[in-house]
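Below is one structure, written out as structure tokens, with a few remarks after it.
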Amino acid sequence: MLSRASGTASRNEVANERVMRWAPTALGVVAGLVLVVLAGQAFLGAAQIGISTDEPVHQARMNQWFANGWYLPPYFFDHGVIDPAIATGRKHSYGAAFGIFGHVAAVITGAESWGTTEPTAAAYTARGFALVTLGLLGALAVGYALLVTTGRWVIGAWAAAATFAIPLWVGYSMFAVKDIPVATGWTLVTTGMIIALVPTTRRLRPVTVTLLCFAGVWFSFGARTALWIPLAASAITFAFLVGCSPFRQRIATSVRGVAIGLASGLVAVAILHYRNVATPVEWLVSAVWTAGDFHWTGTTLTAGQLVSEKPPWWYIPAWLGGSTPLLVLLLSIIGTILVARLVLRRQHHTTGALSDRLSHPHAGMLLWVQQALLLPAVSTIGDATMYAGLRQHLYIVPALAAVAGFGAYCIVQRFGRGWPSAAVTVLLILAIAVPAWEQSRLFPYNFVYKNVAAGPVNDRWETDMHWVSAREALARVPSDESVRCYTNAVVQPPDDVVEASVHWCDEDDQVRAFLDEQGSDGTPERAPGQAWVIARKYRGTPPAEGCVEHDNITRPLRGENVVISYVLTCEPAALQE
């Protein structure tokens, strides 16, 4: 009996050892595949997707910067001088940091000549590739931070994959020229600070930290001026963490690397915006006020409600909760709670001082929690202008993936032996593989994704406020037909202040670059007297009376056929001014 029991125990131990060997490898392989596949999708999507509403404006801003050093649209000028009627903050809101980066990519690919940006399909694609590169860099930074923090390569790989498994990150990496650079920049700064807090004997660590912080300041503060406030808040938190660290002497060189990176980044951004620096206080302060009270009015369809530009407190939680894969969201909540527990719990019984509470080796994770929560809280409390879902708050996504990675690490540590390890591995694989599959079916409109808890997408959530689906819609109109764009052929919500427009597509900055792609076999013929129209589905609006839907832009999501843009034929009366 004893021998038989001993043999059974031995076999169980062997089985447990096998599980412990293959589980990390399996998770790492799946994470790598998810990251590679979704990054590939992002690059492919940048070449296939249309032009967002922001891109033509920022392309024109870049030409203006080359002409006179001001990163402003041409219509801000009156006979070569900035119109005095332009609000001060609007002169300083945005910066040319990504514009330069995207222009370099376009020059390298031959789409542009140095000093002049172009509104061509090739140039937009090149800038899109540059943007995806930044999105990928942000995901890799998250993975690197978790690798250094936890010492587990598989957790780093999973965290990087989790960043891309959140569909907002993949989708917006294809076109969000105002927001992905800012989000990635802040992420690089946070990564640099966190790895600086971890003692090491690696000689290149201080150099890595310096480069991360420099690039982070360049792409965040250098693209959106108001980011100096949250970056300063992160620097203050970092200083507290350094002061409380029991490894102060061992991390001194890396801490200097952070300081050098931040300082040199600030200097570089100041040189880039030499016009703005002439009035430094105005530059920094007015940009913050304008960011909080931006001059946009309208509504955003959120969880079945039309929410104004001054939304209720639940606006960000609703979009975040609805747009994040549920398992990743759950792990991020667990990770946040565990980080809070680390900070709130005394590390030693001799003192309850803050320095003791922040001396934990993983206390640096507090910087991720700060990136995820601080600015959304301030925006909500301060009644800031918000619209277009989470586009303005994409910096939350990599921070969310990072704390989810920390939650995954703690779970693996707790249940990392035997068969529970297999269950945890399956859970973590599903957390990234399922949303990767679901968003792939939406390609290239990955950002349209909503999880099961969010309910149906149609008529409850905005799909394509940026109208990047116009390019595909144009391809579904017969090539020999004239076509109107984005018109009052779509019903406007009651009391909405955004007026519909009536114009030909060859006059539309988002469409004219793709006019040679118009035409598709099998497109239905229009009835005599009708006109072809392509229009975004905005605020859940249906086609107007007198318009008939033909071959709309749709994508499947868990049994729902999500309508993203309309392809219509309309009676003349539906197109009147």
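The values are calculated or read from the model by the stated rules, or taken from the named source; none is laboratory data. Note that the coordinates shown come from a computational prediction; the quantities given were computed from them, not determined experimentally. Using ideal geometry, Cβ is built from the backbone for each residue, glycine included, and neighbour counts are taken over all protein chains shown. Side chains included, ligands, DNA and RNA excluded: accessible areas come from the protein's heavy atoms. Shrake-Rupley method; radii C 1.70, N 1.55, O 1.52, S 1.80 Å.
Here the range 498-544 is the region considered, the condition is being of a type in the set (Asp, Glu), modelled with pLDDT of 85 or more and part of a loop (DSSP other than H, G, I, E, B), and the residue that is least open to solvent (accessible area, probe 1.4 Å) is Asp508.
All but one of (1) closer than 16 Å to Ile229 by Cα; (2) modelled with pLDDT under 90; (3) surrounded by fewer than 18 Cβ atoms within 10 Å (Cβ to Cβ); (4) small (Gly, Ala, Ser) hold for Ala377; which doesn't? Failed condition: (2).
Does Leu227 satisfy the criteria of being assigned to a helix (DSSP H, G or I), in contact with a Phe, Trp or Tyr (Cβ under 6 Å, 6 or more places away or on another chain) and open to solvent by less than 20 Å² (accessible area, probe 1.4 Å)? Judged against the criteria, Leu227 is a match. Restricting Val198, Val207 to residues that are surrounded by fewer than 24 Cβ atoms within 10 Å (Cβ to Cβ), modelled with pLDDT of 95 or more, assigned by the TED database to the domain that holds Gly389 and farther than 26 Å from Tyr71 by Cβ narrows the list to Val207. Among the residues of the range 299-310, not a single one is in a helix (DSSP H, G or I), open to solvent by less than 60 Å² (accessible area, probe 1.4 Å), touching a residue at least 24 places away in the same chain (Cβ under 8 Å) and touching a helix residue (DSSP H, G or I) at 6+ places or on another chain (Cβ under 8 Å). Regarding Leu367, is this residue open to solvent by 10 Å² or more (accessible area, probe 1.4 Å) and either touching an Asp or Glu at 6+ places or on another chain (Cβ under 6 Å) or assigned to a helix (DSSP H, G or I) (or both)? So Leu367 does not fit the description; no.
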